[in-house]
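Worksheet: one structure, shown below.
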Amino acid sequence: MRAGLIARPLLLIAIPFALSSCGLAPTRPVPAAPAVSSAPTSAPTSDAAITHLLSRITFGPRPGDLERVRGIGGPAYLEQQLHPERIDDAPAAEVVGALPTLSLSIAELLQQYPRPDPALRDRARAGEMSRQEPATMTPPERRPARIVSELAAAKLARAVMSDRQLQEVMVDFWFNHFNVSADKGVVRWYVTAYERDAIRTRSRRSAISSAPRPLIPPCSGTSTTGRAHARIS
């Protein structure tokens, strides 16, 4: 499996915690991680090839993936993944749809999750109140931190639950390649639209190669990982 890639079984464990941090619970059970057998195995070449394919174009095999690809063949599975619009992705869409910030525009995010009052920040700097007090004056569900928390939860949910695996791998790759840091200035309010409108809609190679350069903002200079995990928090 590629460097920097979190193994799918670990993601299966992590996703309920990510969703709970946004005040949500998974709407359906997350598949259990496959049991690891200590007995020696001699996988046939075809299974080895399928595992190699899944390790290259997905976030790693889930329970049942090997059998599914074996049933239709590697080339047919790859062809399916090259056309994500034809794949029913209802389970992942249901979870992601419960995260309200993902569908909001930049203006709506700024309105519904406003920046802290500058006057309160000045009072904190002057020692008239603690640095934590300004944040507590905003209800948790309206704090700007929720924007990044929900984006992180959505990325995790899609990596684990989505059947459009190649698309999610490409989104992850390009989001990391054109990396921005959500803790810099107003980027927190822009990063959701950036991932959704500039990266996700142009994630496949054919779309990326033909996308006008102005559609992809410059990188922030934040260091990236060996593969595809952008810094979003």
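The figures follow:
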quantity	calculated
Förster radius 45 Å - calculated FRET efficiency between ALA49 and ASP197 (Cβ-Cβ, nearest 0.05)	0.75
Pairwise label distance in nanometres, ARG56 with ARG70, each label 7 Å out on the Cα-Cβ vector	2.1
For the stretch 53-63, 3J(HN,Hα) per residue [Karplus equation, 6.51 cos²θ - 1.76 cosθ + 1.60, θ = phi - 60°, Hz, x = Gly/Pro]	4, 5, 6, 8, 10, 9, 8, x, x, 9, x
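A short reminder: the numbers here are calculations on the coordinates, not readings from a lab. Here the structure is a predicted model, which is why all the values come from computation and not from measurement. Heads up, the Cβs are rebuilt from the backbone with ideal geometry, glycines too, and the neighbour counts pull from every protein chain shown.
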